[in-house]
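The values are calculated or read from the model by the stated rules, or taken from the named source; none is laboratory data. Bear in mind that the values here come from a model prediction, so they are computed numbers and not experimental data. Cβ coordinates were reconstructed from backbone atoms using ideal geometry, including for glycine residues, and neighbour counts include every protein chain displayed. The area values use the complete protein model at the heavy-atom level, side chains included, leaving out ligands, DNA and RNA. Shrake-Rupley method; radii C 1.70, N 1.55, O 1.52, S 1.80 Å.
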Amino acid sequence: MTVRTRFAPSPTGYLHIGGVRTALFNWLFARAHGGQFLLRVDDTDQERNVDAALRPILDGFRWLGLDWDEGPEIGGSHGPYYQSQRNDKYQAAVSALLASGAAYRDFATTEEIQAEREAAQTAGGQFTYSRRWLAETKQDAAKFIAEGRQSVVRLKMPRTGELVHNDLIREEVRFPWSNEQDHVIQRADSTCLYHLASVVDDHEMQISHVIRAEEHLSNTPRQIFIARSLGYPLPEYAHLPYVAEPGSKNKLSKRKLDKYLKNKDFAQLKAHGERIAERMRLAVDADVFNPVIVDFYQAIGFLPEAILNYLLLLGWSLDDKTEEFSREEMIEHFSLERVNKAPASFDPQKLVAFQDRAMQKLPIKQKVAKVLPFLQAAGYIENPPPCDTGPYLSQICEAAGDRIKIAGDILDYDDFFVADDQLIYEEKTLDKRLRSREQAPQILAEFRDRLAIVEHFEAATLEETLKAFVAEKEIKIGDIVHAVRVAITGKAVGFGLFETLAILGRERSLARIDRALQLVK
RNA sequence: GGCCCCUUCGUCUAGUGGUUAGGACACCGGCCUUUCACGCCGGCAACGCGGGUUCGAGCCCCGCAGGGGUCACCA
């Protein structure tokens, strides 16, 4: 049997991190079994512009490298892949269900159903629809229509016995049929509902494994009922635990974006992102610029592999120690058997830790490539970049060491990209390192003259020069290092001083020191 | 409330009858050091509760408690 899995996003305008986890597991399972992964658009209830609302989602998938074998934009042999375009198939299924007696036309009004429900509730019992507006024959129907009633189609669910079903993750689960309602599968306006559509599509698209979040577990009985009634072979079901809010066991919801910002770690991550966005003069749309949404990470320069690696471990593990997985290793090792049953909280800090590690491992050349678009977006480098950009950025990334944790962090080191006379000095640092120390400007001036005559303006020789200077003047190394740093970068913190000097070169270093000296005079 | 699911450090988890209950993130010390990062060393910290079964239970059984999901002419 060919393994075929699917992810069915509804076009909401953004890709939710919990959704990505579900998609990832589907994708991994398909890839691990040499099968296909498809995307199907759940737009049965959409009125707005589906294309516009779908684009960020597809972009997110592409960015993460979760490629789909069939679906929007690429098509496939089981299309169309938009539920809004598959209505004929749903109608046919409804007719078949009606014909076999597995479903019926119901002429009750919403109010009447509601009244029954409330009556059952006050009686303390469980609601079971009386089916008194059920129309079995044309005559019944005609009578109701004459009264001006409209009809929906309901499933005629069993009311005795139980469904025993084997879930790939939950194992055996049992549902008493008496607990099920006669769910509506077709609205009064004759459009069909999600559960019907989903079952029909899964069957027609030959989905072998339905891997979805736990919140669908209790929807499974009605779907199995539909599938059975239609004579479909059942797919395997695997219900993943949902992703929970940080520090709680509530389901991470797309509707509570604001709430999560109250979480300290979340807020901190967002603030970091905002700092980067601000430097690029990027409009920060509150709806999307949020760590629950994948766009956020893309916008500020996270690595897709870091996100995938983190999400993989949210509810799945290989053993007691392996944490890092390349894409290939994920595919090689992933299995549904090792998926956890309990919900897992989304932990922004741990995601960041994976990002840090992934960034550390990134070769300089690739780091340069990641960082460049941010410098261009901020207006520091032209597009296309001048030919000396590569070597210059390589030096900077090399000197940066592990300081650039997110590609957008490069913008913290704007001092390498502004003209000497445009450099902005932190007043506080100028005060602390130069103005408040009587001897500091003098010492800096003297060291400046040494720099002017140093033979090789390279990190190693610069360090020798400075050490010699310190020994000769009988000062502490800190007395000069910090003064030089603020003079050439305007900041209190930065890369190694000697590397910084070397990158800037003699001319620019001297110009900046001179300017700083002017400023503190 | 009915039904269903879940329960090991703060968080992600390993663990399938005998372990000093392991790892990771976070946190707290210390070291390194020209700042900031990185790195290194060390530390804190968990089997929800109660009954069984067993020589022995985090692991098996039964209760309880807690948490969550779901109960739409939403998806």
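Go through segment A:397-425 residue by residue and tally those that are within 29 Å of the chain's Cα centre (by Cα), aliphatic (A, V, I, L, M) and over 24 Å from residue A:295 (Cα atoms).
Looking only at that region, the number is 1.
Can you run down the residue pairs with Cβ atoms below 6 Å, 6 or more apart or on separate chains, where the first is in segment A:344-370 and at negative phi and the partner is open to solvent by 40 Å² or more (accessible area, probe 1.4 Å) and near RNA strand B (Cβ under 7 Å from one of its atoms)?
So the pair list comes out as A:356/A:405; A:359/A:405; A:360/A:402.
Between A:62, A:55, A:105, which is touching a residue at least 40 places away in the same chain (Cβ under 8 Å) and open to solvent by 60 Å² or more (accessible area, probe 1.4 Å)?
That would be A:105, the only listed residue that is touching a residue at least 40 places away in the same chain (Cβ under 8 Å) and open to solvent by 60 Å² or more (accessible area, probe 1.4 Å).
Which residues, counting only those in segment A:398-433, are assigned to a helix (DSSP H, G or I), touching a helix residue (DSSP H, G or I) at 6+ places or on another chain (Cβ under 9 Å) and within 13 Å of RNA strand B (Cβ to nearest atom)?
Across segment A:398-433, the qualifying residues are A:398, A:399, A:400, A:409, A:412, A:413, A:415, A:429, A:432, A:433.
Assuming residue A:66 fulfils every condition listed in (1) outside any loop (DSSP other than H, G, I, E, B); (2) closer than 24 Å to residue A:291 by Cβ apart from one, which condition is it?
Single failed check for residue A:66: (1).
Do the conditions hold for residue A:210, that is, is it more than 9 Å from RNA strand B (Cβ to nearest atom), open to solvent by less than 20 Å² (accessible area, probe 1.4 Å) and assigned to a helix (DSSP H, G or I)?
no
How about segment A:377-389: which of its residues are more than 24 Å from the chain's Cα centre (by Cα) and open to solvent by 30 Å² or more (accessible area, probe 1.4 Å)?
A:379, A:380, A:382, A:383, A:384, A:385, A:386, A:387, A:388
Does segment A:322-339 hold any residues that are assigned to a helix (DSSP H, G or I) and open to solvent by 50 Å² or more (accessible area, probe 1.4 Å), and which are they?
A:327, A:328, A:329, A:332, A:333, A:337, A:338
Please tell me if residue A:317 is within 24 Å of residue A:61 (Cα to Cα), within 15 Å of RNA strand B (Cβ to nearest atom) and free of Cβ contacts under 8 Å to residues at least 60 places away in the same chain.
Yes: the conditions hold for residue A:317.
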